[in-house]
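**Student:** Let me begin by handing over the structure; questions about it come next.
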Amino acid sequence: MKKTISVTVNGVTHQNEIEPRLLLVQYIRDVLNLTGTHVGCETSLCGACTVMVDGQAVKSCTMLAAQADGSTVTTIEGLAQGGELHPVQSGFWEHHGLQCGYCTPGMIMASAQILQRNPDPTDEEIRHGLEGNLCRCTGYQNIVQAVQCAAKKMKSKSVAR
Amino acid sequence: MAEKTVGKPIKRTEDPRLIQGLAHYVDDIRLPDTLHAVFLRSIYAHARIKSIDTTAAQKLPGVVAVYTGKDVAKIGPVPCAAALPDLKVPDHRALASTKVYFVGHPVAVVVAESKSAARDAVDLIEVDYQELPVALDEEKAADAKSPVIHEQFGTNVAYKLTAGEGDIEAALKSADQVIKQRILHKRLAPIAMETRGVLARYYPGEQELTLWTSTQIPHLCRTQVAIMLGMPENKLRLITPEVGGGFGSKLNVYAEEALMGWISMQLNRPVKWIEGRRENMQATIHGRGQTGYIEIGFKKDGTLTGLRYNVFADMGSYFQLLTPAIPTLTGLMLSGCYKIPAIQINVTGVFTNKMSTDAYRGAGRPEATYVVERALDLVAAELKKDPVEVRRKNFPQPNEFPFKTATGLFYDSGNYQGALDKALKMADYTKLRQDQQTARKEGRLMGIGVSTYVEICALGPSAAMPAGGWESATVRVEPTGKVTVLTGASPHGQGEETSFAQIAADELGVGVNDVTVIHGDTAIVQYGIGTFGSRGLAVGGTAVYLAIQKLKDKAGKIAAHLLQVDASTISFAEGKFTSSAAAGKQITIQEVTLAAHVAKSLPEDMEPGLAATSFFEPKNFTFPFGTHIAVVEINKETGEIDFQRYVAVDDCGKQINPMLVEGQIHGGIVQSMGQALYEEVVYDDQGQLITGTLMDYALPKAIMIPHLELGSTETPSPVNPLGAKGVGEAGTIGATPAIVSAIVDALAPYGVRHLDMPLKPEVLWQIINKKSAGAA
Ligand code: FES
Ligand code: FES
């Protein structure tokens with residue numbers, strides 16, 4: 001029994017017939033071919049699959065595609081705007097917040113959410129905010145710095161406006 | 001003229017694709033008509049397979065094929081490259097056929113149009129097992145009374161090995177005192193965030209097979225898979241796309257790699273297998289796994305006289321690529337950064353009903369460092385001396401390098417005092433000890449741990465390696481002046497695309513962005529060894545450097561020809577050739593390159609083109625070192641550990657990109673913290689894997705980790721022209737003993753001198769509460 005869903009992903013609306021058991025991450029990766037969102041555990045523990053659903057960071061391996069019907073989804077591919085990197089993306093680049101890069105899309109989405117909720121976080125708050133995201137390479141320190149750097153960039157941008 | 005970049009923390013060139021989700025790991029590669037493979041794995045640790053019924057699975061819609069052990073008998077054994085005397089090597093096949101030896105042992109593979117169909121079909125396979133008694137603990141399994149895993153050997157002892165120099169008996173006898181300590185190095189899971197994965201595509205017309213696989217060793221893997229499949233190596237192309245971490249777990253050749261190739265050849269369709277996380281915990285190599293006994297002899301003044309380490313090393317049930325060789329690295333590094341006149345290691349390698357152990361970040365060396373550092377702490381505690389003093393007492397002096405150890409190594413260069421002094425200063429050690437006095441008076445459990453380590457890197461001279469220790473590079477200047485570097489080292493997060501480009505850019509006087517570094521495709525890159533053993537830069541980077549010297553030599557001759565001067569008068573700097581014989585005249589590398597390619601005017605007998613290849617064979621290993629200091633306070637109520645400081649001073653020789661160096665050290669230290677405090681692969685007494693998910697296996701999270709304060713000293717290595725030593729494993733080697741030492745130090749008032757990892761709050765709480773109850 002297939003189900004038809006309509007989801008807006010990175011600004012483009014898609015209509016697809018899907019199996020009810022299809023996970024959102026499978027929909028994103030296998031149906032839409034947006035492979036920037038990764039799978040590290042499939043059990044909601046690593047955060048590699050984090051995307052934004054209606055503005056909320058969600059582990060897309062814990063949500064069914066059917067549940068995203070009618071939603072707006074942003075994946076890592078949709079974060080840069082008009083060819084300009086999102087401040088979190090450039091923060092990660094400048095502060096060496098990634099090594100193998102596998103956890104990175106999820107880390108970046110989770111970090112963007114942290115700053116959305118708290119534009120001026122302490123290191124401690126950032127570390128708390130990343131509790132659902134595992135990285136085996138970086139030891140997290142540069143990720144914390146990357147997020148701090150992004151926070152500064154975002155603040156100076158909003159002041160400039 | 002491009003600015004020099006070597007030694008500067010420049011941003012990585014690989015990052016733009018990674019931060020935008022535009023990189024391609026194996027599972028991101030999509031080929032039309034791809035089939036999906038899912039494995040049925042053993043649910044028992046030891047059992048005889050009485051029968052397998054795949055009928056129902058085969059009938060399921062979407063299923064294309066189901067294979068069991070007897071179907072794939074033609075595939076050759078999974079290779080082990082370690083050669084040791086009298087080594088018992090089990091016949092390790094792609095799928096089990098008569099017996100299963102560990103939970104996760106592959107028994108059958110289903111190939112279907114979709115992954116979900118394959119998964120459903122796996123559930124329909126019926127295997128009739130006859131359970132057998134298990135052998136799990138490496139020490140007990142070595143006993144003659146233990147159930148035997150490989151019946152043909154009549155024992156679980158895979159090998160015994162003794163190594164070391166000096167008269168150990170006399171050395172221990174000459175000591176004023178000898179301390180003995182049993183010490184455990186628990187099994188760990190490497191857990192690269194990207195699990196393993198393979199995509200295979202056979203081209204029947206060309207009779208060529210392409211394998212995309214997440215590996216650290218593309219060329220070695222190609223050779224071995226070609227042998228397993230009995231196909232010509234030059235008909236097999238192996239590509240490692242983006243690799244999401246390895247830590248040694250992908251320094252291997254796995255059954256699944258050959259199997260996917262074989263299946264694609266049977267079915268003439270692409271086939272993909274992506275390892276699930278549970279599978280990864282069960283069937284990707286584990287690390288460590290040693291139970292050892294230390295004996296350390298010393299004089300009253302703290303001078304060490306000898307060290308013996310008798311160790312039972314857990315092999316798991318089969319050998320993977322390097323399994324039995326790992327404890328030999330432990331033996332090599334048992335001198336630590338100290339003068340120990342006599343050293344002996346006695347290894348008993350033991351089969352157990354578990355997944356194979358193999359190289360996990362550090363690979364045998366963290367075990368050695370941990371043994372030596374724990375031993376030094378025990379000596380200090382016994383003599384009531386400051387642990388720093390005992391270390392200093394036994395250091396070789398900087399002028400004693402190359403320093404020969406009683407394990408047969410020559411340490412290339414070092415200044416152990418320098419790194420120690422810097423770390424002590426950064427941490428303000430004297431003040432810390434005073435604070436500790438105050439804390440103790442107030443009843444707080446504060447501890448300070450110091451570890452001074454040396455490690456063996458840049459693996460290594462081929463004579464000491466199982467399958468070549470050199471590395472290759474080809475450097476080409478294209479007609480437009482852009483530079484292409486082909487490296488046999490195949491990175492998976494180390495940033496070699498950037499650091500190698502820095503070397504090439506500086507040497508050729510071009511910008512980093514004018515250089516492209518290509519790796520991980522055996523059809524493009526000349527043979528290479530791979531990235532592991534902290535060798536990428538020190539061996540692979542040196543090959544790049546040396547290839548460029550050859551290339552510049554040729555370019556210089558062309559420049560001389562074009563400038564009409566003698567080649568001996570030519571010099572090269574900042575991208576330009578000049579001649580001492582023709583003041584004011586110059587010619588750029590780009591002009592020379594163009595001339596080399598259009599080939600209208602070249603020196604007589606010179607071949608056109610501008611490319612050079614180097615296969616760099618290091619004459620020795622390199623020996624980076626450093627000092628790590630951990631300061632902790634233990635919460636008496638909960639047993640939880642609060643890091644107050646973590647200071648690390650590492651010396652990895654010359655640094656090409658300090659930002660990448662720091663990143664490697666951060667990551668290494670945090671993996672160490674995982675080992676010291678949280679991580680442990682646990683099998684129950686039936687051999688069931690208890691830590692089968694990331695819920696049960698505790699990886700460090702951001703919130704568990706303190707801010708790390710890093711410093712460095714720079715003692716160049718004489719082994720390679722870059723002066724680089726390697727840094728990939730330093731953190732994992734140096735940090736574990738410092739952390740354990742700090743915790744033991746905090747608990748010293750309870751009479752604690754040693755504890756085995758992982759030091760979970762529960763363990764500490766019990767010590768604190770049992771002892772205080774006793775005292776009350
Ligand atoms: S893949 Fe979704 S949390 Fe790990
Ligand atoms: S960068 Fe490799 S897991 Fe985070």
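Readers should treat all values here as calculations from the given coordinates under stated rules, not as data from a laboratory. Source: prediction; values computed, not measured. Glycine also receives a Cβ, built like all others from the backbone with ideal geometry; neighbour counts cover every protein chain displayed.
**Student:** Calculate the mean, over all residues of peptide A:89-98, of how many other protein chain Cβ atoms lie within 10 angstrom of the residue's Cβ.
**Tutor:** Numbers: counts 6, 4, 1, 3, 7, 4, 3, 11, 3, 8.
Mean shielding count: 5.
**Student:** Now a separate question. Can you put B:566, B:506 in order, fewest other beta carbons within 10 Å first? Walk me through the numbers on the way to the answer.
**Tutor:** On the way: B:566 12, B:506 21.
Placing the least packed residue first, the sequence is B:566, B:506.
**Student:** Under 5 Å between amide H atoms, partner at least 5 residues away or on a different chain: which partners does residue B:521 have, H built in plane at 1.01 Å?
**Tutor:** B:240
**Student:** Give me the Kirkwood hydrodynamic radius of the stretch B:461-616, using the inverse of the mean 1/r over all pairs of distinct Cα atoms, in Å to one decimal. Don't skip to the end; give the middle numbers.
**Tutor:** Numbers: mean 1/r = 0.0623 Å⁻¹.
It works out to 16.1 Å.
**Student:** How many percent of the alpha carbon pairs in the stretch B:608-688 exceed a separation of 16 Å? It would help to have the intermediate numbers written out before the result.
**Tutor:** Values: 2358 of 3240 pairs.
The answer is 73 percent, as a whole percent.
**Student:** Among B:360, B:203, what is the fewest-to-most ranking by other Cβ atoms within 10 Å?
**Tutor:** On the way: B:360 28, B:203 14.
So the residues, fewest neighbours to most, are B:203, B:360.
**Student:** For the stretch B:586-599, take each phi angle, set θ = phi - 60°, evaluate the Karplus expression 6.51 cos²θ - 1.76 cosθ + 1.60, and give the result in whole Hz per residue in order, putting x for glycine and proline.
**Tutor:** After applying 6.51 cos²θ - 1.76 cosθ + 1.60, I find 8, 8, 7, 4, 5, 5, 5, 4, 4, 4, 5, 8, 6, 6 Hz.
**Student:** So, one more: Over the stretch A:87-156, how many percent of alpha carbon pairs lie in each 5 Å bin up to the one with the longest distance?
**Tutor:** 4, 20, 35, 28, 11, 2, 0
**Student:** Loop-only check: which GluC sites (Glu not before Pro) in the stretch B:644-732 are DSSP coil with at most 16 other Cβ within 10 angstrom? Don't skip to the answer; put the middle values down first.
**Tutor:** On the way: sites: B:662, B:679, B:680, B:709, B:714, B:729; in loops: B:679, B:680, B:714, B:729.
Hits after loop and neighbour filter: B:714.
**Student:** When all C-alpha to C-alpha distances in the stretch B:226-369 are sorted into bins of 10 Å, what percent of pairs does each bin hold, rounded to whole numbers?
**Tutor:** P(r) for the stretch B:226-369, in whole percents per bin: 10, 31, 27, 17, 10, 4, 1, 0.
**Student:** Hey, fewest Cβ within 10 Å first, where do A:111, B:317 land in order?
**Tutor:** On the way: A:111 30, B:317 24.
Exposure proxy ranking, most exposed first: B:317, A:111.
**Student:** Near the amide H of residue B:318, under 5 Å away, which other amide H atoms are found, from residues 5 or more places off or on another chain, if H is placed in the peptide plane?
**Tutor:** The answer is B:356.
**Student:** Moving on to the next point. Can you check what the Kirkwood hydrodynamic radius comes to for the stretch B:681-776, Cα pairs only, in Å to one decimal? Can you show the working numbers first?
**Tutor:** Values: mean 1/r = 0.0572 Å⁻¹.
One over the average 1/r among Cα pairs gives 17.5 Å for the stretch B:681-776.
**Student:** I would also like to ask the following. So how many Å³ per residue does the convex hull of the Cα atoms of the stretch B:348-387 work out to? Could the numbers behind the result be given before it?
**Tutor:** Values: hull volume 3.8 nm³, N = 40.
In the stretch B:348-387, the Cα hull volume divided by residue count equals 95 Å³.
**Student:** Indicate the gyration tensor shape class of the stretch B:420-498 (rounded, prolate or oblate), computed on the Cα atoms with a ≥ b ≥ c the square roots of the eigenvalues: a/c under 1.5 is rounded; otherwise a/b larger than b/c is prolate and the rest oblate. Each step should come with its number before you reach the end.
**Tutor:** On the way: a/c = 4.48, a/b = 2.64, b/c = 1.70.
Prolate, since a/c reaches 1.5 and a/b exceeds b/c.
**Student:** For the stretch A:3-78, treating each Cα as an identical point scatterer without solvent, what Debye log10 I(q)/I(0) comes out at q = 0.17 1/Å?
**Tutor:** Taking Cα atoms of the stretch A:3-78 as identical point scatterers yields -0.53.
**Student:** Quick one: what Rg and Dmax do you get for the stretch B:551-603 from the alpha carbons, in Å?
**Tutor:** According to the Cα coordinates of the stretch B:551-603, Rg and Dmax are 9.7, 27 Å.
**Student:** Give the Cα extents of the stretch B:127-233 along the principal axes, in whole Å, largest first.
**Tutor:** Projected onto the principal axes, the Cα atoms of the stretch B:127-233 cover 74, 41, 31 Å.
**Student:** Got the relative contact order for chain B handy, in percent, Cα pairs under 8 Å and 6 or more residues apart? Walk me through the numbers on the way to the answer.
**Tutor:** Working: 1968 pairs, mean separation 117.8, N = 776.
About 15 percent, as a whole number.
**Student:** So, one more: What are the principal axis extents of the Cα atoms in chain A, in Å, biggest first?
**Tutor:** 49, 37, 23
**Student:** Averaged over all directions, how much area does the convex hull of the C-alpha atoms of the stretch B:84-166 cover when projected, in nm²?
**Tutor:** It is 8.7 nm².
**Student:** Now for a different question. Pop out the ³J(HN,Hα) list for the stretch B:641-647 in order, Karplus 6.51 cos²θ - 1.76 cosθ + 1.60 with θ = phi - 60°, rounded to Hz; leave Gly and Pro as x.
**Tutor:** 9, 10, 6, 8, 9, 9, 10
**Student:** Another question, if that's okay. If you count, for every residue in A:45-52, the Cβ atoms of partner chains within 10 Å of its Cβ, what is the mean? The partial results should precede the final answer.
**Tutor:** Details: counts 7, 5, 2, 3, 0, 0, 0, 0.
Per-residue shielding by partner chains comes out at 2.
**Student:** Just for the Cα atoms in chain B, what are the lengths along the principal axes, largest first, rounded to whole Å?
**Tutor:** Between the extreme Cα coordinates on each principal axis of chain B lie 93, 72, 48 Å.
**Student:** Compute the signed sum of charges (Lys and Arg +1, Asp and Glu -1) over the other residues within less than 11 Å, Cβ to Cβ, of residue B:690. It would help to have the intermediate numbers written out before the result.
**Tutor:** Values: positive: none; negative: B:680, B:684, B:685, B:696.
Spelling it out: positives minus negatives among the neighbours equals -4.
**Student:** I'd like the mean, over residues of B:669-675, of how many other protein chain beta carbons sit within 10 Å of each residue's own Cβ.
**Tutor:** Details: counts 2, 7, 3, 1, 1, 1, 0.
For this peptide, the per-residue mean of nearby foreign Cβ atoms is 2.
**Student:** If I model the protein assembly as shown as equal point scatterers sitting on the Cα atoms and use the Debye formula, what is log10 I(q)/I(0) at q = 0.06, 0.09 Å⁻¹?
**Tutor:** Here log10 of I(q) over I(0) equals -0.43, -0.99.
**Student:** Using only Cα atoms, locate the centre of the stretch B:443-498 and the centre of the stretch B:556-623, then give the distance between them in Å, rounded to an integer.
**Tutor:** 29
**Student:** Here's something else I'd like to know. Using θ = phi - 60° and the Karplus relation 6.51 cos²θ - 1.76 cosθ + 1.60, list the HN-Hα couplings for the stretch B:622-635 in order, rounded to whole Hz, with x at every Gly or Pro.
**Tutor:** Result, rounded to whole Hz: 10, 9, x, 7, x, 10, 10, 10, 10, 10, 10, 10, 9, 6.
**Student:** While we're looking at this one, here's another question. What FRET efficiency would be calculated for the residue pair residue B:74, residue B:583, taking the C-beta separation as r and a Förster radius of 60 Å, to the nearest 0.05? If you can, show how the numbers build up before the last one.
**Tutor:** Working: r = 71 Å, r/R0 = 1.18.
So the FRET efficiency works out to roughly 0.25.
**Student:** Do any GluC sites (Glu not before Pro) in the stretch B:583-640 lie in a DSSP loop with no more than 12 other beta carbon atoms within 10 Å, and if so, which?
**Tutor:** On the way: sites: B:591, B:604, B:633, B:637, B:640; in loops: B:604, B:637, B:640.
Counting only loop positions with at most 12 other Cβ atoms within 10 Å, the GluC sites (Glu not before Pro) in the stretch B:583-640 are B:604, B:637.
**Student:** Given R₀ = 22 Å, FRET efficiency for residue B:400-residue B:619 by Cβ-Cβ distance, to 0.05? Could you put the intermediate results ahead of the total?
**Tutor:** On the way: r = 19 Å, r/R0 = 0.88.
Efficiency computed from Cβ-Cβ geometry: 0.70.
**Student:** So what is the relative contact order of the stretch B:461-616, in percent, for Cα pairs below 8 Å that sit 6 or more residues apart?
**Tutor:** 28
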